[in-house]
Amino acid sequence: MQKKELKYMENLLLSRKDILLQEFEERFKKYRDSSSEKLTDIAEIASSSSNEILEITVAEEDAKELKQIEDALDRIKAGHYGVCEQCGRMIKKARLKAIPFATLCVSCKEEEERVCDEKTVQARCEREDIINRPENSETDETNRKYMRKRIVEPEYDDHRN
């Protein structure tokens, strides 16, 4: 990658880092101000709790992205930015412009996701095998249906938001 392109990517990363830090600061001020309020109504307390959980989740995701940005800036300084950590080939510029902190080329990322999907399916099948073992035969049909339903539910939770 040319110096001009590297400088562009570095500026892009630094700009995103500044935005994340600014959002973090605003979120912290909002949290500090809201935690000084006294909540009296059960509905207010419940709403406040769910808002705090959402804020914490967003903050965790932002922290992950911030770490990825820091790592990408370190790779730029070290001279190996844009190199796939898996296969060692150059990551395409279009991918880096879309995800400037990418560490894998498209084919390696697809392979990683395929392996993760296979592991998820395998884990699900193993849980179902445990439920369906003969030693669990004393469990009535209602409990089996409930247990199967409970195993599948987390899979759908990711898509609700």
Check on A59, without any contact (Cβ under 8 Å) to a residue 40 or more places away in the chain and among the small types (G, A, S): yes
Residue within segment 72-84 that is closer than 25 Å to R27 by Cβ and either modelled with pLDDT of 95 or more or surrounded by 11 or more Cβ atoms within 10 Å (Cβ to Cβ) (or both) present: yes
Flag for A63 being closer than 18 Å to L12 by Cβ, assigned by TED's automatic domain parsing to the domain that holds E5 and modelled with pLDDT under 95: no
Any hit, segment 90-97, residues being modelled with pLDDT under 95 and among the β-branched types (V, I, T): no
Hits in segment 6-29 - residues which are farther than 17 Å from I69 by Cβ and in contact (Cβ under 8 Å) with a residue 12 or more places away in the chain: R27
Within segment 98-119, tally of residues that are assigned to a helix (DSSP H, G or I) and touching a residue at least 40 places away in the same chain (Cβ under 8 Å): 0
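The values are calculated or read from the model by the stated rules, or taken from the named source; none is laboratory data. From a predicted model like this one, the values you see are computed outputs, not experimental measurements. As a convention, Cβ positions derive from the backbone with ideal geometry for all residues, glycine included, and neighbour counts pool all protein chains shown.
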